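Worksheet for the structure shown next.
The values are calculated or read from the model by the stated rules, or taken from the named source; none is laboratory data. Nothing here was measured: the structure is a model prediction, and the numbers come from that model. Here the Cβ positions follow ideal geometry from the backbone for every residue, glycine too, while neighbour counts run over all protein chains shown.
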């Protein structure tokens with residue numbers, strides 16, 4: 001069998017988060033691991049109403065094949081939603097796909113040949129790392145700090161590549177409430193990044209599932225997508241997974257028209273179309289003023305989660321443990337004292353009832369050994385506090401071992 | 001932009017059927033083109049009941065991320081469904097995917113490197129041709145006759161490849177009510193094919209969306225999947241798209257455990273999971289005795305469609321036009337007199353109100369110029385008869401031009 005597999009298949013590795021899924025499915029375990037939204041953030045009531053309406057008068061179109069580019073009405077809603085984020089887009093610059101991961105894969109297929117260099121934050125989203133690695137791209141890490149991707153590091157990495165005669169094709173970034181770091185790229189760095197991408201001739205792929213999920217009730221705190229400052233040249237990927245439901249696999253890409261046309265071609269042969277029913281439900285959810293109201297509630301919910309975890313960490317963590325203070329999203333990044341290996345500690349943590357993802361899975365440069373990602377989206381504030389206490393004790397025991 | 005695209009993207013071509021979709025969306029046009037199921041075959045009433053039940057008591061799990069391999073209960077239902085088709089499968093030999101096209105792409109990713117030889121029927125399903133071509137596989141055609149793939153042709157193609165030192169990796173076949181030919185591979189040929197694949201060391205990918213859709217009320221007429229005679233080594237791909245609904249993107253692959261594990265790895269980075277809601281609905285539809293009852297009705301419907309088209313062709317087609325008589329499925333294959341180019345004739349046909357797909361799009365060897373595929377699934381018997389008459393007149397005019 002093994003000899004029949006493709007070279008791409010030879011590069012594939014199991015997802016560390018999916019591998020934890022069996023463990024975190026146990027309700028006893030407090031999961032600070034997988035980035036699942038809270039079920040409390042799902043618009044169950046409104047979707048129930050939509051399903052009831054459909055049940056009485058089911059449109060066969062909801063069960064038929066749909067356009068590869070997605071439901072035309074939903075695409076128009078998305079153009080409006082993008083406008084609300086400051087991003088200009090024509091209908092032909094937008095395509096729907098069944099989830100952001102699907103979008104990443106389609107973009108990778110269309111843009112990357114084996115060996116192509118992709119710039120990626122350290123740490124970064126493992127689903128993107130896996131996607132690009134499976135296409136056998138060369139992943140080149142760029143360090144972050146609390147304000148996101150470091151521009152000086154990027155320039156230094158670019159110089160190194162230039163010396164090798166390599167021009168990167170793509171820079172992948174989650175600039176807002178990053179997964180896994182929780183960091184947000186500073187406004188001035190966004191503009192610098194855009195300038196550098198034009199100078200160097202690489203594309204920016206801005207992955208933005210979280211920007212609507214800011215804690216500050218006062219608004220988005222001046223955060224604008226990189227794509228809001230572009231001339232239509234940034235590839236912008238976003239999704240309904242974190243703001244409505246990930247089970248309704250609906251995400252979208254905005255990009256240059258020629259690229260979107262090529263993604264549509266790829267999708268024709270990759271999945272024909274996304275779920276017609278899911279798209280119909282998401283369309284109904286986008287109509288009227290439901291979404292802004294819903295988002296206000298979701299923001300409140302995740303603010304409470306984030307603040308509960310941060311307060312519990314402040315209270316319980318031993319000296320020498322550091323973490324950042326995200327202003328939104330699902331995640332924070334924790335650094336343990338050098339002598340602790342987060343992956344080795346995980347077994348003990350799970351035994352005591354708490355799970356996280358070890359930092360190394362997020363770092364393409366082999367770093368992250370003593371780091372870990374904590375997710376505060378899914379568990380309740382009470383369980384987050386409990387989880388933080390358990391984790392603090394695990395770390396304390398490791399330190400005194 | 002163009003220089004940024006991958007080599008795979010350079011190989012991509014628009015789907016001829018999707019390109020026709022805009023034309024066939026016009027309700028005035030009688031579409032014998034795209035292979036859409038009839039909306040009359042959708043279980044609207046039963047799905048309405050399921051949605052009403054969900055509306056009252058929506059399980060958050062239907063909106064959450066699900067397992068990459070698919071809903072565990074649905075996988076078990078599928079193991080049972082496979083058993084009903086004579087195919088043995090353990091839970092770990094089955095994986096769900098969001099549509100058959102998705103399954104083809106995942107299998108292609110895991111099995112094929114650029115340049116790998118794939119044996120494929122002439123004519124064959126354009127979605128499979130596109131999928132393998134986009135992975136830059138080498139497509140090697142094997143002729144069919146009314147009993148499907150010709151074994152003598154296969155042996156001859158294999159000899160030719162052997163002379164080149166090439167071992168094919170995969171043979172792709174739709175053995176039952178083939179798309180586009182409507183032909184069914186004879187029982188003895190199925191066993192011979194299996195034997196040859198073992199002797200030569202290539203895998204068989206059996207794509208089987210249509211075998212439940214036989215016309216003969218007496219039963220499946222002795223048709224058994226190739227996979228029903230294997231030792232678990234045939235890759236068997238099937239789907240709910242043609243028997244329930246293609247909008248609920250739910251298909252499944254059965255194959256060797258190591259292959260399924262690798263497909264799951266690929267899927268983790270390609271789409272994480274399929275729609276949780278769609279899978280929940282399909283699961284409900286699989287429960288109890290609904291599916292067999294529904295299938296009896298669907299078979300009756302498509303029998304009437306197929307017979308209406310065949311009768312109208314018998315009545316109206318001029319001499320020199322030939323077509324086969326499928327015993328199930330959605331399609332038949334028509335050969336026009338040599339001097340007619342089906343692609344050139346299409347414009348006139350559409351002008352007169354009928355659409356089909358030209359034969360060349362199904363043939364990897366450049367043949368099919370004077371052939372075309374007629375789909376009888378979607379249009380009503382009356383419109384099929386009307387369409388056949390229009391088409392007969394178009395052909396007559398071409399012949400006398």
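Some observations on this one:
- Condition met for residue A:129 (modelled with pLDDT of 95 or more and away from every other protein chain (no Cβ under 14 Å)): no
- As a summary of the residue check, residue A:142 satisfies the conditions (1) under 25 Å from residue B:1 (Cα atoms); (2) more than 9 Å from every other protein chain (Cβ to nearest Cβ); (3) out of contact with any strand residue (DSSP E or B) (no Cβ under 9 Å at 6 or more places or on another chain) except for the one numbered (3).
- Test: residue in region B:324-333 that is assigned to a helix (DSSP H, G or I) and within 14 Å of chain A (Cβ to nearest Cβ): no
- Enumeration of residues in region B:1-47 that are surrounded by fewer than 16 Cβ atoms within 10 Å (Cβ to Cβ), facing another protein chain (nearest Cβ under 7 Å) and not in a loop (DSSP other than H, G, I, E, B): B:7, B:39
- Across region B:48-65, the number of residues qualifying as in contact (Cβ under 8 Å) with a residue 60 or more places away in the chain, more than 15 Å from residue A:59 (Cβ to Cβ) and facing chain A (nearest Cβ under 7 Å) comes to 5.
- Consider region A:244-273 and keep the residues that are part of a loop (DSSP other than H, G, I, E, B), within 15 Å of residue A:99 (Cβ to Cβ) and more than 7 Å from every other protein chain (Cβ to nearest Cβ). The one that is farthest from the chain's Cα centre (by Cα) is A:273.
- All positions within region A:242-256 that are within 16 Å of residue A:39 (Cβ to Cβ) and crowded, with 24+ Cβ neighbours inside 10 Å: A:242, A:244, A:245, A:246, A:247, A:248
- Residue in region B:68-78 that is within 9 Å of chain A (Cβ to nearest Cβ) and crowded, with 19+ Cβ neighbours inside 10 Å present: yes
- Selection from region B:111-133 of residues that are farther than 21 Å from residue B:368 by Cα, surrounded by fewer than 24 Cβ atoms within 10 Å (Cβ to Cβ) and in contact with a helix residue (DSSP H, G or I) (Cβ under 7 Å, 6 or more places away or on another chain): B:113, B:117
- Residue match in region A:36-44 (condition: closer than 29 Å to residue A:364 by Cβ and modelled with pLDDT of 85 or more): yes
- Taking region B:351-381 as the range and being out of contact with any helix residue (DSSP H, G or I) (no Cβ under 8 Å at 6 or more places or on another chain) and part of a helix (DSSP H, G or I) as the test, only B:351 passes.
- Check on residue A:83, more than 14 Å from chain B (Cβ to nearest Cβ), modelled with pLDDT of 95 or more and surrounded by fewer than 21 Cβ atoms within 10 Å (Cβ to Cβ): yes
- A residue that is closer than 14 Å to residue B:100 by Cβ and under 20 Å from the mean Cα position of the chain (by Cα) cannot be found anywhere in region B:182-198.
- The listed residue being away from every other protein chain (no Cβ under 14 Å) and in a helix (DSSP H, G or I), out of B:347, B:288, B:320: B:347
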